[in-house]
Amino acid sequence: EAEEQSEFDVILKAPGGSKLAVVKLVKELTGLGLKDAKELVDGAPKPVKEGVAKDEAEALKKQLEEAGAEVELK
């Protein structure tokens, strides 16, 4: 029987139409500086956070999607 996944990676697939809002949100969520957050968004697909609990991963995904980003949980 497959064990339920307990840790997830939040992957930013694409910033969408509102890139600035996504960069600001990534900066806020990760604690990265503005330059690093912009590089992460520009380099999509990239992980925003890795090895987080399901609840946190889903909350991050929801926030990023509300900002217009395309997000995947792995």
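Inside segment 1-38, can you point out the residues that are of a type in the set (A, V, I, L, M) and more than 13 Å from the chain's Cα centre (by Cα)?
A2, L20, L34
For segment 35-74, enumerate the residues that are at positive phi and out of contact with any Ser or Thr (no Cβ under 6 Å at 6 or more places or on another chain). Break it down stepwise before answering.
Here is the first cut: in segment 35-74, the residues at positive phi are 51, 68.
Within segment 35-74, just G51 meets the criteria.
Bear in mind these aren't lab numbers, they're just calculated from the coordinates by the rules spelled out. Bear in mind the structure is a predicted one, so any value in this text is a computation, not a measurement. All Cβ positions, glycine included, derive from the backbone under ideal geometry; neighbour counts span all protein chains shown.
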